[in-house]
1. State yes or no: is Thr72 open to solvent by less than 30 Å² (accessible area, probe 1.4 Å) and outside any loop (DSSP other than H, G, I, E, B)?
2. Are any of the residues in region 85-96 assigned to a loop (DSSP other than H, G, I, E, B) and of a type in the set (Lys, Arg)?
3. Condition check: modelled with pLDDT of 85 or more and either open to solvent by 70 Å² or more (accessible area, probe 1.4 Å) or part of a loop (DSSP other than H, G, I, E, B) (or both). Does Ala135 satisfy that?
4. I'd like the residue in region 96-106 that is touching a residue at least 12 places away in the same chain (Cβ under 8 Å) and open to solvent by 20 Å² or more (accessible area, probe 1.4 Å) and, out of all such residues, is nearest to Cys140 (Cα to Cα).
5. Checking the condition without any contact (Cβ under 8 Å) to a residue 12 or more places away in the chain and either in a loop (DSSP other than H, G, I, E, B) or not small (Gly, Ala, Ser) (or both), which residue from Lys67, Lys144 passes?
6. Regarding Pro77, is this residue at pLDDT 85 or above, of a type outside the set (Val, Ile, Thr) and surrounded by fewer than 17 Cβ atoms within 10 Å (Cβ to Cβ)?
7. Just give me the residues in region 35-58 being at pLDDT 85 or above and either touching a helix residue (DSSP H, G or I) at 6+ places or on another chain (Cβ under 8 Å) or not in a loop (DSSP other than H, G, I, E, B) (or both), in sequence order.
8. Please go through region 43-59 and pick out each residue that is among the hydrophobic types (A, V, I, L, M, F, W, C) and open to solvent by 40 Å² or more (accessible area, probe 1.4 Å).
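The values are calculated or read from the model by the stated rules, or taken from the named source; none is laboratory data. Here the structure is a predicted model, which is why all the values come from computation and not from measurement. Glycine also receives a Cβ, built like all others from the backbone with ideal geometry; neighbour counts cover every protein chain displayed. Areas reflect the complete protein model, heavy atoms only, side chains present, ligands, DNA and RNA absent. Shrake-Rupley method; radii C 1.70, N 1.55, O 1.52, S 1.80 Å.
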Amino acid sequence: MPMLWKSHNWSNQLYSEADIGLPKAEAFRKLLNSYGSIDPDVRCERFTDQPLTEVVISAVDSMESRKVIWKTVRDCPEVKLYVDARMGLQTLVTWAVTPLVKVEKVAYSQSICADSLTLQEPCTARTVGYTPLMAASVVCRLIKSYLTQEQIPQQVVLDLATYTMMTI
C-alpha cells in the first residue's frame, strides 16, 4: 500500500491541497512536472526486495523501514553509495555509506536501532518546512560529490536551532 499524502504534512512538505489522498510518489511527480518537463519514473509501492542500482537514497520515517532497505543494500555489489537522511524538528543527520567498505558498513549498521528506542512525536511535531529542504540540499550535495569523485563525509549532522554543522 503506497504512502498517501495527508493535510497534516503541509508544515513540512511542498504539496498542494489537490494532492491530498494521492500516493506521495505521485504527488512528487506532479510537483516536479509543475516546474517543467521533468517526468520521473515513480513507483507507488513499498520497498521489499526490488533490484537496486548504483545510488540508493533512503528518506523513510522509521528505523524498521531502514532495516529492510539496508538488509538489501549492504550486500548488493551494484550499490556504490547509500544515502540515508534522518531528521526531526530542526535537526538532521545524513549518512553516506559505501556498502563495500567494511568500516562504513559496520558503523552504519550500528546506527540502526529499534523504533521503540527513537523519539516518537506526532507527525506535525517532527519537523518544520526548512528542515527537509536542508536535508534535500545535503543529499544533493553528497550525490554531486559522488558523481565528481570528491571526498564524501560519512555523516553530516546539522542542527538548525543552533546553526551548527558537523561532518564525520
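1. Values: open to solvent by less than 30 Å² (accessible area, probe 1.4 Å): no; outside any loop (DSSP other than H, G, I, E, B): yes.
The answer is no for Thr72.
2. Residues of region 85-96 assigned to a loop (DSSP other than H, G, I, E, B): 90.
From the residues that got through so far, the ones that are of a type in the set (Lys, Arg) too are none.
Looking through region 85-96, none of the residues is assigned to a loop (DSSP other than H, G, I, E, B) and of a type in the set (Lys, Arg).
3. Details: modelled with pLDDT of 85 or more: yes; either open to solvent by 70 Å² or more (accessible area, probe 1.4 Å) or part of a loop (DSSP other than H, G, I, E, B) (or both): no.
No; evaluated as a whole, the condition is false for this residue.
4. Filtering region 96-106 for residues touching a residue at least 12 places away in the same chain (Cβ under 8 Å) gives 96-100, 104-105.
Applying the additional criterion that residues be open to solvent by 20 Å² or more (accessible area, probe 1.4 Å) yields 98, 100, 104-105.
Details: Thr98: 16, Leu100: 22, Glu104: 20, Lys105: 21 Å.
Only one residue fits best here, namely Thr98.
5. Working: Lys67 fails: without any contact (Cβ under 8 Å) to a residue 12 or more places away in the chain.
Just one listed residue meets the conditions, Lys144.
6. When the stated conditions are applied, Pro77 passes them.
7. Matches in region 35-58: Leu52, Val55, Val56, Ile57, Ser58.
8. Once the filter is applied, which keeps residues that are among the hydrophobic types (A, V, I, L, M, F, W, C) and open to solvent by 40 Å² or more (accessible area, probe 1.4 Å), region 43-59 yields Cys44, Phe47, Val55, Ile57, Ala59.
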